[in-house]
Amino acid sequence: MEAGTTPTAGSKTIADLMPRAAEAYADRAAARHKVGDAWVDVSFAEAGEIVSEIGRGLLDLGLQPGERVSLLANTRPEWSYCSFGISATGAVVVPIYPSNSPAECEWVAGDSESVGVICEDAEQLAKILEVRDALPNLRFLVVVDGGGDVADAITLDDVRSRGRERDIGELEARYDAITPSDPYTFIYTSGTTGPPKGCVLSHGNYHSVLQMVGERGLLSGGDDLVYLFLPLAHAFALLIQLASVDTGTTIAYYGGDTKLVVPEIMEVKPTYLPSVPRIFEKLFTLAQQQLPAEEISAIREIGGRIQDLERQGEPVPDELRAQFAPYEAKADFVKSLFGGRLREAVTGAAPISQEILEFFYGAGVPVMEGYGMTETATVATTSTPEHHRFGSVGRPLPGVEVQIADDGEILIKGANIFGGYWKNDDASFGSITDGWLHTGDVGRVDEDGYVYITGRKKDIIITAGGKNLTPANLENDLKQTRWVSQAVMHGDRRPFPVMLITLDDEEMVPWATEHGIEDTSPAALAHDPQVLALVQAELDRANEKYAQVEQVKKFFILDHDLSQETGELTPTLKVKRNIVNEKYAADFDALYGG
């Protein structure tokens with residue numbers, strides 16, 4: 001599809017996006033979601049009516065333009081309906097991660113001065129009730145799923161019922177009055193350091209990004225289908241939701257169980273899949289279980305050359321086709337892991353191994369990297385199957401400029417740059433000077449405009465010998481192996497780098513049983529000589545790519561995986577290095593002899 005040809009809903013802001021889409025795409029499926037074992041569709045016309053009822057119901061609750069409403073729920077159609085309903089009133093959407101603790105919920109709802117919180121169910125509602133006394137601005141609570149102890153809240157059905165009694169003209173007047181400079185959402189950064197900060201993003205910020213991705217030809221409506229499991233509290237999923245509605249593209253919302261994400265991908269057969277690296281790493285592991293290393297290598301190399309030629313519209317030599325013939329069925333198997341219809345996937349939020357991307361591309365499943373942050377209204381650079389360079393995060397979107405500061409920091413300018421942090425003029429990160437956002441990331445731009453991220457300013461490890469190390473590179477190499485779920489390098493002001501490693505239970509336990517290891521508990525496997533030897537061999541393989549001074553000399557295996565619940569990962573599964581370094585300081589010290 002040519003850039004610039006994607007039809008859009010013709011909205012002026014995010015506030016009128018769903019009403020326009022409901023009119024433009026009335027009979028198309030807006031949402032596909034699971035009811036029991038069946039996937040059920042909701043049309044754009046139906047979704048538009050639900051959003052209108054919620055918006056008018058919120059008017060009935062006294063919601064005023066510019067007031068904030070927090071949204072505490074998992075990724076599901078109701079999240080979208082409530083978000084669009086809030087926007088239609090001129091109020092500001094404040095997403096809260098459903099994995100947040102009561103104290104974390106209190107911080108976001110309190111700092112944003114939210115007047116209402118929409119909770120998914122009694123469990124999420126309980127978090128807000130626990131801290132309600134600390135939320136003086138709170139006027140109302142809404143719960144999506146009734147049942148349980150929800151006596152202190154009204155149900156979403158009640159809100160819709162109240163909305164049906166209000167004149168639709170009231171809501172139309174509200175969303176017609178919104179301007180591009182009005183705040184659309186406060187997104188609180190998940191915070192790898194310090195408490196989350198609320199990024200103030202305007203209707204204009206996100207509307208400009210919709211125009212940019214429209215020119216990029218990201219989604220095209222019709223029979224396009226997006227599978228969405230990422231948390232809608234995160235900017236990445238939020239943009240995909242907005243772009244889908246803008247182009248009349250169906251979103252299949254995951255069923256709520258992260259263990260079923262891969263089977264559901266095969267079921268719904270998406271054409272577009274946004275994800276974080278962990279899912280692609282899991283799918284790569286599935287491929288590794290079925291394909292020997294030499295076949296993976298052939299698909300990557302021979303298949304990659306064929307894909308390059310085909311995407312550039314050049315003929316593929318018969319000799320090259322013949323070379324790939326023995327691997328065609330294997331490549332089809334890889335495509336089937338994604339449902340068989342995938343046109344493109346995108347990975348973001350954290351680094352991913354280049355080898356994994358090259359393998360999927362060679363199999364005919366282009367997984368493209370992009371780059372951006374909450375402060376850039378999600379995205380700033382993007383790759384396409386036709387125009388990409390592995391190892392790069394692509395080129396700036398139309399209307400976005402990128403330059404490199406003297407110290408290597410990536411600076412970004414464009415209509416998508418946020419307006420600052422809510423009640424927080426923190427100049428240490430995300431500061432804007434002469435329109436340029438200081439990202440905190442370090443990188444370079446090649447002669448053709450492709451951007452490369454080489455590290456994060458605060459993540460760079462400087463050894464005792466003064467050597468600068470970028471931990472993500474070797475960590476990703478090690479995470480390619482089936483046995484490793486997380487790898488975290490440590491070594492700032494130390495003589496050499498060492499590493500914390502966690503095991504992938506799904507892969508490790510069957511291997512241990514096969515090798516006669518009787519105790520397969522995580523604690524036992526972390527110290528088992530055979531397991532240590534297996535991981536050491538993988539580390540040796542990864543180390544070979546790096547200079548002696550960059551190689552990890554020692555490691556320890558943790559007796560559990562890193563998780564959000566223990567505070568070691570953000571909701572998008574990024575490692576909180578400062579927490580890990582503090583929490584396991586004694587284990588790291590032991591690797592250096594005390």
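Rule-based calculations on the coordinates, nothing more; no lab input. In this text the structure is predicted, and so the values were computed from the model without any measurement. Glycine gets a Cβ as well: all are built from the backbone with ideal geometry, and neighbour counts include every protein chain shown.
Go ahead and run the numbers for FRET between E355 and E123, Cβ-Cβ distance against an R0 of 30 Å, rounding to 0.05.
With a Förster radius of 30 Å, E is 0.15.
Quick check: residue separation of V35 and Q323 times 0.36 nm, minus the Cα distance between them. What number comes out in nm?
Working: separation 288, 0.36 × 288 = 103.68 nm, distance 4.60 nm.
Full extension from V35 to Q323 adds 99.1 nm.
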Output ³J(HN,Hα) for the stretch 497-514: one whole-Hz value per residue in order, computed from phi by the Karplus curve 6.51 cos²θ - 1.76 cosθ + 1.60 with θ = phi - 60°, and x for Gly and Pro. x, 10, 8, 8, 10, 10, 9, 8, 4, 4, 9, 6, 5, x, 5, 5, 4, 4
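Given the Cα-Cα distance of A134 and V509 and 0.36 nm per residue of separation, how much length would full extension add, in nm?
Details: separation 375, 0.36 × 375 = 135.00 nm, distance 4.56 nm.
Residue separation times 0.36 nm, minus the Cα-Cα distance, leaves 130.4 nm.
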Treat each spin label as a single point 7 Å out from the Cα along the C-beta direction, and report the I168 to A103 distance in nm. 4.8
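Within 10 Å of each candidate Cβ there may be at most 13 other Cβ atoms; applying that plus a DSSP loop requirement, which trypsin sites (Lys or Arg not before Pro) in the stretch 494-565 survive? Mind showing how you got there, number by number?
Values: sites: R541, K545, K553, K554; in loops: K545, K553.
Answer in residue order: K545.
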The longest stretch of the chain containing none of the GluC sites (Glu not before Pro) that sit in a DSSP loop with at most 12 other Cβ atoms within 10 Å is 166-385
Any chance you could give the angle, 0 to 90 degrees and rounded to 10, that helix 235-247 forms with the longest Cα principal axis of the chain? 60
Please compute the modelled spin-label separation between Q289 and F333, points set 7 Å along Cα→Cβ, answer in nm with one decimal. 1.2
Going from the alpha-carbon gyration tensor of the stretch 461-591, what semi-axes, largest first and in whole Å, does one get by taking the root of 5 times each eigenvalue? 24, 17, 13
Checked the stretch 297-400 against the a/c 1.5 cut and the a/b vs b/c comparison, axes a ≥ b ≥ c from its Cα gyration tensor; verdict prolate
Say each of K12 and K574 gets a label point 7 Å from the Cα, pointing the same way as Cα to Cβ; how far apart are those two points in nm? 3.6
Taking only Cα atoms, what is the 0 to 90° angle, nearest 10, from helix 529-543's long axis to the longest principal axis of the chain? 80
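Add +1 for every Lys or Arg and -1 for every Asp or Glu among the other residues with Cβ under 11 Å from the Cβ of M266, and state the total. Could you put the intermediate results ahead of the total?
On the way: positive: K269, K335, R341; negative: E264, E267.
The answer is +1.
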Taking the alpha-carbon centroid of each part, what is the distance from the stretch 306-329 to the stretch 524-551 in angstrom? 36
Nearest 20 debye, what's the magnitude of the dipole of the chain about its Cα centre given +1 on Lys and Arg Cβ and -1 on Asp and Glu Cβ? 840
Sites A533 and Q312 - FRET efficiency at Förster radius 41 Å, r taken between beta-carbons, to 0.05: 0.35
One finds, for S161 and K458 with R0 = 51 angstrom and r their Cβ-Cβ distance, a FRET efficiency to the nearest 0.05 of 0.55
Can you tell me how much longer the chain between E518 and K269 gets when fully stretched, taken as 0.36 nm per residue apart minus their C-alpha distance, in nm with one decimal? 85.7 nm
Expressed as an acute angle from 0 to 90° and rounded to the nearest 10, what is the orientation of the C-alpha long axis of helix 44-60 relative to the principal long axis of the chain? 60
What one gets for the chain as the Kirkwood radius, inverse of mean 1/r over different Cα pairs in Å, is 25.2
Packing-based exposure ordering (other Cβ within 10 Å, fewest first) of Y206, Y184: Y206, Y184
Working note, the stretch 30-93: Cα radius of gyration (Å, one decimal) and Dmax (Å, whole number) are 12.8, 40
